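Below you'll find the structure, written out as structure tokens, and then a few comments.
The values are calculated or read from the model by the stated rules, or taken from the named source; none is laboratory data. These figures come from a predicted structure and were not determined experimentally. Don't worry about glycine lacking a Cβ; one is built from the backbone with ideal geometry, like all the others, and counts go over all protein chains shown. We work out accessible area using only protein heavy atoms, side chains counted, and drop any ligands, DNA or RNA first. Shrake-Rupley method; radii C 1.70, N 1.55, O 1.52, S 1.80 Å.
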Amino acid sequence: VKQEGLRFVEQELQNITVSDLHGSEGQFQYNISQVKVTDLQLASSDLNFQPQQHLAFNINDASISLRFRRQLLYWFFYDIGSINASADGVHIYTVLQLAKDAAGRLKISNMTCDASIARMHAGFSGTLRKVYEFLSTFIVTGMRFLLSQQICPSLEHASLVLLNSLLDTVPVRNYVDEHIGIDYSLLRDPSVSTDTLDLDFKGMFFPRVREDQELENHAVEPVIKETERMVYVAFSEYFFDSAMHSYFQAGVLTIELQGEKVPKDLEVLLRATFFGTIFMLSPSVDAPLRLVLQVSAPPRCTIKPSGTSVSVSAFLNISLVPPDRPPVQLSSMAMETKLSAKVYLQGKALRVQLDLRRYDWDPMGAWGESPPYPTHNCFLLSRFRIYSKQSALESLALFSLQAPLKTLLQLTIMPIINERTKKGVQIPLPEGMDFTREVVTNHAGFLTVGADLHFSKGLREVIEKYRPVPTAAAYSTSRPAEPSLDPSSL
């Protein structure tokens with residue numbers, strides 16, 4: 001972060017605009033214009049956290065090389081040319097105040113800056129070199145003052161405008177898909193210690209049909225103690241519960257299978273199990289089967305050091321759908337299952353893989369081959385139970401269906417669910433920053449994702465991408481006027 005920040009400061013200082021310097025001394029009249037920074041040497045720099053809300057950037061003993069355009073009029077003698085100068089012993093101390101804005105986004109709310117130049121030298125050449133050396137005290141003193149006065153305004157614009165535009169790329173409240181969205185707004189101003197920068201995000205999903213709905217948080221508040229990675233993001237059970245609650249409120253936790261979509265082996269078993277009922281209610285025993293699986297309550301997530309699980313309660317309605325006739329319900333049963341869940345990070349997306357099968361820890365992963373995520377925890381034991389909503393006797397008759405229905409869920413329903421969760425949800429990180437060396441660790445009531453930061457894009461590249469295109473009028477007034485070569489203009 002310090003290296004990328006230093007590169008950004010270098011780019012900003014190279015674009016410093018210094019006003020023209022002109023004046024007179026006796027019969028001499030001079031004009032210095034077209035000041036350009038040709039080289040920067042930032043020898044010593046440091047980036048530090050400052051309690052309670054500040055980030056300090058300090059540059060010592062830097063040097064700035066400049067090139068001027070000169071114009072000199074002495075009686076009837078007129079001279080033009082260039083001057084090379086260097087500012088040495090440049091010191092810049094900048095403190096950025098971090099805060100939460102009205103939208104809940106991290107912003108730089110204020111900046112203090114102090115800049116000074118210890119020494120400045122200028123080299124002259126040309127026919128009137130001796131005259132310039134005579135005037136060097138005036139010219140160098142003036143340029144030193146002008147340059148030092150431009151450093152802080154340049155960095156202030158870079159911080160309050162440009163870096164804040166970078167922070168605008170952090171997702172705060174956005175849609176995950178057509179059903180739900182997520183609120184990543186900050187709950188309070190950042191807390192800064194000498195070693196860490198702590199940000200408390202809301203981390204709550206909401207249904208798009210009721211965007212103002214909030215789920216009360218009863219989860220354990222995460223406590224991050226790890227220090228092996230640059231960044232740690234903690235997710236409590238509330239994060240996952242609000243996602244499942246939002247999907248439930250959106251009414252999309254229902255899956256229907258009919259006709260050829262019902263696995264053949266399961267269809268044969270269901271027809272055998274309910275043959276008497278089918279024969280009594282409808283002679284058309286060849287009518288297609290329809291299975292409707294509907295979640296009856298918002299699923300709940302449980303996070304333990306041993307792993308993560310999701311408890312689901314649902315209804316499974318089994319019906320016949322004869323052509324041109326009303327459906328005939330064969331059974332309505334309740335299902336309770338505990339799914340093992342593997343949470344992993346891929347890119348910036350936090351993803352969840354659900355499973356019904358029982359696994360022990362396997363170095364090759366749960367599938368007998370390398371999985372698409374790190375295997376740091378064992379899978380929890382899954383649980384599956386069905387029972388009749390009508391009677392205990394029918395529940396006993398359904399016992400033989402438990403294993404086939406579990407297979408149905410694993411082979412037919414789970415791929416549909418995992419396909420929906422495959423996209424995952426983006427962790428709030430500015431554009432151009434990526435995670436490396438990711439590791440997921442389970443705790444009691446929450447899990448942490450640790451990673452190092454990598455800049456896939458420079459700060460300047462991202463800022464330029466989102467910089468508004470200036471209008472033609474603004475562009476014409478922002479360009480400095482070309483200095484006149486006419487001696488009378490002096």
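Being part of a loop (DSSP other than H, G, I, E, B) and out of contact with any Asp or Glu (no Cβ under 7 Å at 6 or more places or on another chain) is true for just one of Q52, Q34. Which residue is that?
Q52
Take region 329-357 and flag every residue that is open to solvent by less than 30 Å² (accessible area, probe 1.4 Å) and either more than 14 Å from C301 (Cβ to Cβ) or not assigned by the TED database to the domain that holds Q294 (or both).
Within region 329-357, L330, S331, S332, M333, A334, M335, Y344, L345, A349, D355, L356 meet the criteria.
If a residue must be within 35 Å of the chain's Cα centre (by Cα) and either open to solvent by less than 30 Å² (accessible area, probe 1.4 Å) or without any contact (Cβ under 8 Å) to a residue 12 or more places away in the chain (or both), how many such residues does region 58-69 contain?
Count: 2.
Quick check on A85: is it in the same structural domain as E156 (by the TED database), within 18 Å of L42 (Cα to Cα) and more than 41 Å from the chain's Cα centre (by Cα)?
yes
Looking at S136, S185, S125, can you tell me which residue is surrounded by 15 or more Cβ atoms within 10 Å (Cβ to Cβ) and at pLDDT below 90?
S136
Can you tell me which residues in region 207-233 are over 23 Å from G251 (Cβ atoms) and open to solvent by less than 100 Å² (accessible area, probe 1.4 Å)?
Within region 207-233, N217, A219, V220, P222, V223, I224, E226, R229, V231, Y232, V233 meet the criteria.
Table: residues versus (1) surrounded by 18 or more Cβ atoms within 10 Å (Cβ to Cβ); (2) in the same structural domain as R210 (by the TED database); (3) modelled with pLDDT of 85 or more.
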| residue | (1), (2), (3) |
| --- | --- |
| Q258 | no, yes, no |
| P263 | no, yes, no |
| A272 | no, yes, no |
| F275 | no, yes, no |
| I278 | yes, yes, no |
| A287 | yes, yes, no |
| V295 | yes, yes, yes |
| L320 | yes, yes, no |
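Would a scan of region 238-245 turn up a residue that is modelled with pLDDT under 85, open to solvent by less than 80 Å² (accessible area, probe 1.4 Å), assigned to a helix (DSSP H, G or I) and not assigned by the TED database to the domain that holds A56?
no
State the number of residues belonging to region 70-111 that are part of a strand (DSSP E or B), closer than 30 Å to Q52 by Cα, open to solvent by less than 30 Å² (accessible area, probe 1.4 Å) and not aliphatic (A, V, I, L, M).
1
Please go through region 6-30 and give me each residue that is open to solvent by less than 80 Å² (accessible area, probe 1.4 Å) and modelled with pLDDT of 80 or more, ordered by number.
Answer for region 6-30, where residues must be open to solvent by less than 80 Å² (accessible area, probe 1.4 Å) and modelled with pLDDT of 80 or more: L6, F8, V9, E10, Q11, E12, L13, I16.
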